[in-house]
1. List the extent of the Cα atoms of region 2-83 along each of their three principal axes, largest first, rounded to whole Å.
2. So, counting K/R as plus one and D/E as minus one, what does the shell of residues with Cβ under 15 Å around Asp66 add up to?
3. What is the order of Lys4, Lys41, Lys57, fewest Cβ neighbours within 10 Å to most?
4. Please arrange Ile38, Ile24 by how many other C-beta atoms lie within 10 Å of their C-beta, fewest to most.
5. Under 18 Å from a label point 7 Å along Cα→Cβ of Met15: give me every residue in region 28-69 with its amide N that close.
6. Only counting other Cβ atoms within 10 Å, I'd like Leu77, Leu31 sorted with the fewest neighbours first.
7. Below 8 Å, C-alpha to C-alpha, sequence gap of six or more: please give me the relative contact order for the chain in percent.
8. Applying 1/(1 + (r/R0)^6) with R0 = 25 Å to the Cβ-Cβ distance of Leu2 and Lys89, what FRET efficiency is obtained, to the nearest 0.05?
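We did not get these values from a lab; they are worked out from the coordinates using the rules stated. All figures in this text were calculated on a predicted structure; none of them were measured in a lab. Note that each Cβ is placed from the backbone with ideal geometry, even for glycine, and that neighbours are counted across all protein chains shown.
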Amino acid sequence: MLEKVKFALRIQNTMFDGEVQDIIDACLLDLELSGVNITSKTEDDRLITRSIVLYAKSEFGLANTDSEKYKLSYEALKRHLTLSEEYTK
């Protein structure tokens, strides 16, 4: 998942790997606390992957002018996942 998120953030080095992994972990915890069932198949799930990418784009970088837009998109997708029987516990 780290490489997918780094690609989405346009990061080509390893300097921010720790921070990006922390963001991924925080997103997964946020989804889980919201009732989304996080499993070992998470990395292959396109909606979960998209959620993580949107979360990362909203959280990474200090001069991110689109942060709020990505946060709103993440929250909308998270709501969708929490309402789906396929994604809830």
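1. So the extents along the principal axes, rounded to whole Å, are 35, 27, 18.
2. Local charge sum for Asp66: +1.
3. Listing Lys4, Lys41, Lys57 from fewest to most nearby Cβ atoms yields Lys41, Lys4, Lys57.
4. In order of increasing Cβ crowding within 10 Å: Ile38, Ile24.
5. Once the point is set 7 Å along Cα→Cβ of Met15, 60-64 turn out to lie under 18 Å by backbone N, inside region 28-69.
6. Sorted ascending by nearby Cβ count, the order is Leu77, Leu31.
7. 31 percent
8. Once the sixth-power term is evaluated, E becomes 0.45.
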